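Here is the structure we will look at, set down as structure tokens.
The values are calculated or read from the model by the stated rules, or taken from the named source; none is laboratory data. Bear in mind the structure is a predicted one, so any value in this text is a computation, not a measurement. What goes into the accessible areas is simple: the full protein's heavy atoms, side chains included, and nothing from ligands, DNA or RNA. Shrake-Rupley method; radii C 1.70, N 1.55, O 1.52, S 1.80 Å.
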Amino acid sequence: MGASDFAMTASLKRHAARPHDEKGKPLDPNVPTPESIARYGAAGGLRTTASDYARFIIEVVSPKPTDRFRLTKASVDEMLRPQVKVNDAMSSSWALGWQVQHTGVITHGGHYRGFQCHAVASAASRSGFVIMTNGESGSELISKLLLGDLMHRFL
């Protein structure tokens, strides 16, 4: 994941998308301070690309053999183990950072002012996708994609 960081590096800044409000008006980018990264980094704020995040998803659903850079099987299993049952129609649970459906499909989403993202993957079908938008209205697009036929054909 060479294009990912919690801080805004020079490389990320050159390739970063600009955030937009719900009407499509550009917003000033919010560049985190070292203090805010230390305080809130565990809650989110990873700056990444769709392809870098997809690489991470691939390692979760179809991991390569463990080495000093890759998670162990035990770590991946623990990340995906249901921890808290969710009372919803999909019989899902929260795992460590993931929502896990009874079908084994995992999902994770995020929102930051002017940005929306969501990832869905299945170890059983060894497939998934990452959606990233640079607009407050991106959640509408993500909902249409998640509820549409596209996701179900791949997963």
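Taking every pair of alpha-carbon atoms in the range 65-108, give the share separated by more than 13 Å as a whole percent. Before the final figure, lay out the partial values.
Details: 514 of 946 pairs.
The answer is 54 percent, as a whole percent.
For the chain, set up a Gaussian network in which alpha carbons nearer than 10 Å are linked by springs, and say which option among 129, 115, 69 fluctuates the most.
69
Using only Cα atoms and rounding to the nearest 10 degrees, what angle (0 to 90) does helix 50-61 make with the longest principal axis of the chain?
That helix lies at roughly 20 degrees to the long axis.
Among 18, 81, 39, determine the one that fluctuates most according to a GNM of the chain built with springs between C-alpha atoms less than 10 Å apart.
39
In the range 1-98, carbon and sulfur make up what percent of the accessible area (probe 1.4 Å)? Walk me through the intermediate numbers first.
Values: 4150 of 7030 Å².
Roughly 59 percent, rounded to a whole number.
Taking the alpha-carbon distance from residue 64 and a cut-off under 20 Å, which lysines remain once sequence neighbours fewer than 8 residues away in the same chain are dropped?
In chain and number order, the partners are 73.
When you have a sec, figure out the Kirkwood radius of the range 29-78 from all distinct Cα pair distances and drop it here in Å to one decimal?
In the range 29-78 this quantity evaluates to 13.0 Å.
Over the range 1-56, calculate the relative contact order: mean separation of alpha carbon pairs under 8 Å at least 6 apart, over the residue count, as a percent. Each step should come with its number before you reach the end.
On the way: 46 pairs, mean separation 29.4, N = 56.
Rounded, it is 53 percent for the range 1-56.
Among the aspartates and glutamates, which fall within straight-line cross-link reach of residue 23, defined as a Cα-Cα distance under 19 Å, with same-chain neighbours fewer than 8 residues apart omitted?
136, 140
Keeping every protein chain present and rolling a 1.4 Å probe, give me the accessible area per residue for the range 1-103 in Å².
Details: 7330 Å² over 103 residues.
Roughly 71 Å² per residue, with all protein chains present.
What number, in percent, do you get for the relative contact order of the chain if the mean sequence gap of Cα pairs under 8 Å and at least 6 apart is divided by its residue count? Write out the running numbers ahead of the final one.
Working: 222 pairs, mean separation 31.8, N = 155.
Taking the mean separation of contacting Cα pairs over the length of the chain, I get 21 percent.
Using only alpha carbon pairs under 8 Å that are at least six residues apart, calculate the relative contact order of the range 81-155 and give it in whole percent.
Values: 118 pairs, mean separation 13.9, N = 75.
So the answer I get is 19 percent.
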